[in-house]
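The block underneath contains the structure these notes are about, expressed in structure tokens.
Read-outs throughout are calculated quantities, based only on the coordinates presented, and are distinct from any laboratory measurement. Computed from a predicted structure; not experimentally measured. FYI the Cβ positions are ideal-geometry reconstructions off the backbone, even for glycines, and counts take in every protein chain you see.
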Amino acid sequence: MRVLIIEDYEPLRTSLRQGLEEAGFAVDASADGEEGLWYARSNNYDVILLDLMLPEVDGLTVLSRLRREGKSVPILILTAKDTVEDRVKGLDLGADDYLVKPFALEELLARVRSLVRRGYDNKDPVIRVEDLEIDTAGRTVRRDGHAVSLSAREYAVLEFLAQKVGQVVTRTAIWEHVYDFHSDPESNVVDVYIGYLRKKIERDGQPKLIHTRRGQGYVLGRCD
Amino acid sequence: MRTLRARLWFGTALGMGGVLAAFAVALYFAVSAALWSEFDEALVGRLRSLASLVEQDGDQVEFEAEEYALPEYEPSPHAEYYQFRRDDGRALGSSPSLGDDDLPTIDGHLAIPGFRFGALPDGRPGRLAGARFTARQERQDSDEHRDHKEHQGHDGQEDSGKQVAVGTVTVMLTVGRETAGVDRTLAWLRLLLVAGSACAMAASAGVLSWLVRRGLRPLDAVAGEIASIEAADLSGRVRAGEVPGELVPVVERLNDLLARLETAFAREKSFTADVAHELRTPLAGVRTTLEVALSRERDAGEYREAMGRSLAISREMQHMVDNLLELARADAGQLEVEQEPVDLVSLLRESWERFADQAAERGLDVTWQLPDACPVTSDGAKLRHVINNIFENAVTHADEAGRVTIALATPSAGGRVAIRVENSGSHIDEADAERVFERFWRGDAARSAKGVGRRCGLGLPLCRKLMTLLGGTISVTTSAGGTFAVTIALRSP
């Protein structure tokens with residue numbers, strides 16, 4: 001899942017990026033509103049973390065512009081402004097959540113995960129596909145009751161497929177939600193990870209769960 | 001009497017009462033004068049008609065009263081009196097009612113008789129009028145008259161005419177009449193006026209009270225509007241359009257005051273919000289940095305990096321808190337200036353030491369334009385604080401590999417010493433130049449200043465406060481080329 005941080009305070013930006021990356025997110029970060037807006041327009045983020053007092057273009061303007069342009073990406077406002085007035089204003093302009101600084105990292109991560117689920121219309125943090133269980137909160141995967149150990153990137157690819165279970169997902173889409181701007185993956189990296197995933201979750205003649213749609217992409221689970 | 005209502009009511013009632021009383025008194029005196037004048041005219045009438053009955057026949061003075069019926073002079077409880085005398089005091093005649101008593105003689109003429117109040121012989125209060133006149137000469141040549149007189153005399157009162165010596169005879173006549181009628185009328189009038197006035201006063205007091213209350217209703221309305229304005233929301237104003245003209249200036253002043261209060265409250269509120277914001281943001285930074293660092297086992301290098309970042313943030317916070325406290329003390333007037341000899345040149349050089357590394361790191365081209373020494377008398381610690389803030393701004397905001405110029409200009413004799421610190425790479429518009437002295441104001445450039453921590457927007461406001469305290473000035477200028485210059489000026493000894 002890919003997250004954009006728009007925060008002008010450098011030490012916080014750096015730590016947030018590290019914390020989110022270590023929690024398995026692909027992270028882009030921007031220090032001002034204008035650049036942040038550009039990032040948000042050019043990629044499909046799963047969540048945007050938005051500070052309000054920003055140079056160039058302030059946070060509320062970024063928010064309202066994105067919403068006016070029809071972007072439905074979940075946005076979490078992250079700010080030191082804590083008055084009810086500020087919260088109401090932010091939420092009314094189309095933010096999905098509001099967290100006041102300073103915050104607990106745990107809570108931030110939980111809220112981001114919750115926003116990711118909401119973005120895919122999934123309420124249940126555990127996604128079940130046939131006998132495959134993906135716990136998006138604990139980041140664990142079980143098949144037929146047995147734990148499956150995945151690398152961070154493999155998990156990221158699987159979670160994205162799982163969030164869009166039953167839908168054809170293109171390589172580009174997978175790529176977009178698993179890598180950030182800083183990574184420079186090989187062009188066939190998605191296929192490589194799909195191969196790894198298949199080896200791990202479709203062992204010992206278990207039924208196939210990841211299907212290839214030639215020329216389109218991949219589908220997790222049954223597809224009509 | 002504390003309320004306007006009571007004062008207005010009392011004042012108006014008192015005024016009305018006074019006018020009413022004056023009117024009543026004037027009315028009383030006018031009526032009484034008219035009554036007495038009428039009474040006097042009646043007395044004069046009696047005087048004249050009685051006088052006309054006196055005739056001089058030769059040296060005889062005749063009084064012909066007996067020839068006419070004059071019932072008012074007969075003895076009775078309401079009898080009137082008259083008495084004739086010659087001017088030598090001899091009695092000529094008197095009303096039957098008088099009996100053996102005398103009336104006083106009163107000087108006057110028939111045209112202008114004399115008047116006097118006094119008790120009548122029977123003790124009743126009365127008024128007397130008197131005149132001295134010459135008895136009319138009987139016309140001897142008038143047969144007709146004589147016949148008539150003879151005819152009267154024939155009626156059986158022939159001896160009533162008094163015989164008076166020939167020559168003009170002066171007769172003094174006094175008439176008296178009781179005043180009970182006028183006195184009664186006046187007593188009634190007095191009663192009427194007093195009672196009437198009292199009733200009118202009582203009624204008007206009620207009406208006045210209502211009128212005053214009604215008249216002051218706009219005040220109540222204004223009070224109500226004022227009461228509805230609360231400290232939490234000062235945006236309300238008293239509507240001047242609906243109050244009476246007299247209250248408009250009051251309402252306008254009040255609205256001005258409210259506007260000023262609102263501004264002050266808003267400033268206070270935004271200051272508090274700014275302080276909260278400026279402290280929370282680095283707090284969030286340090287907390288997140290430490291939480292991320294502790295979220296898993298790491299090697300020493302990673303821990304060291306996180307701790308280094310946390311330390312940098314806490315230094316920033318300390319700097320901000322120091323500035324904030326200093327500013328608060330300055331605001332509260334708790335800072336004292338200690339005058340001492342200070343050499344500005346060495347002060348500048350020493351202060352720069354803290355920033356030299358940072359300037360070198362950023363590749364700044366630093367130019368010095370200093371004399372050998374510049375001794376002044378001032379507060380060295382506060383000047384150092386000011387200069388540190390200015391240097392920090394210059395080094396932080398100058399563009400990468402930009403210029404910083406530090407110049408000190410000494411006047412030839414007396415006047416002011418000026419220190420000018422200039423840096424290139426400023427993004428502050430000329431229009432915003434003065435805003436650098438606003439607390440928590442930051443240009444966008446200051447916000448995105450990378451790597452060197454963030455500026456909290458308190459440095460220059462504090463500098464201005466301190467320079468004012470030191471009796472100096474601080475100003476900034478910007479130029480189109482992106483040059484930002486801060487100049488502080490101090491009085492030279």
Taking only Cα atoms, what is the 0 to 90° angle, nearest 10, from helix A:10-22's long axis to the longest principal axis of chain A?
20 degrees
Shape of segment B:1-78 from its Cα gyration tensor (a ≥ b ≥ c, root eigenvalues): rounded if a/c is under 1.5, otherwise prolate when a/b > b/c, or oblate?
prolate
Using the structure shown, list the pairs from A:Lys71/A:Lys199; A:Lys164/A:Lys199; A:Lys81/A:Lys164; A:Lys101/B:Lys382 with a Cα-Cα distance above 27 Å, or answer none.
A:Lys71/A:Lys199; A:Lys81/A:Lys164; A:Lys101/B:Lys382
Relative to the longest principal axis of the C-alpha atoms of chain B, give the angle of the C-alpha long axis of helix B:248-294, reported between 0 and 90° and rounded to the nearest 10°.
20 degrees
Overall form of segment A:1-83 per C-alpha gyration tensor (a/c, 1.5; a/b vs b/c)
oblate
Ignoring everything except DSSP H segments at least 4 long, calculate the 222 nm mean residue ellipticity for the protein assembly as shown; use -39,500 (n - 2.57) per segment, divide by total residues, nearest 500.
-15500 deg cm²/dmol
Pseudo-spin-label distance A:Lys71 to B:Asp357, built 7 Å along Cα→Cβ, given in nm, is 4.0 nm
Hey, what do the phi angles of segment B:78-94 turn into as Karplus ³J(HN,Hα) couplings, whole Hz, using 6.51/-1.76/1.60 and θ = phi - 60°, x for Gly and Pro?
10, 4, 10, 10, 8, 7, 9, 9, 6, 6, 8, x, 5, 6, 9, x, 8
Taking placed amide H atoms and a strict 5 Å upper bound, the residues 5 or more places from B:Cys374 or on another chain that come that close are B:Leu344, B:Val345, B:Ser346
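Please work out the FRET efficiency for the pair B:Asp220 and B:Leu14, using the Cβ-Cβ distance as r and a Förster radius of 25 Å; give the result to the nearest 0.05. Display every interim value, and only then the final one.
Numbers: r = 24 Å, r/R0 = 0.97.
According to the calculation, E is roughly 0.55.
Report the GluC sites (Glu not before Pro) located in segment B:360-446 that are in a DSSP loop and have at most 16 other Cβ atoms inside 10 Å of their Cβ, or state none. Walk me through the numbers before you get to the answer.
Numbers: sites: B:Glu361, B:Glu392, B:Glu400, B:Glu422, B:Glu430, B:Glu434, B:Glu438; in loops: B:Glu400, B:Glu438.
Taking segment B:360-446 and a limit of 16 other Cβ atoms within 10 Å, the loop GluC sites (Glu not before Pro) found are B:Glu400, B:Glu438.
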Please determine, in degrees from 0 to 90 and to the nearest 10, the orientation of helix B:180-215 with respect to the longest principal axis defined by the Cα atoms of chain B, where the helix direction is its Cα long axis.
20 degrees
Mind running the shape call on chain A? Use the C-alpha gyration tensor, a ≥ b ≥ c as the square roots of the eigenvalues: rounded below 1.5 for a/c, prolate if a/b tops b/c, oblate otherwise.
prolate
Separation in nanometres of the label points that stand 7 Å from Cα toward Cβ, at A:Asp204 and B:Asp365:
7.4 nm
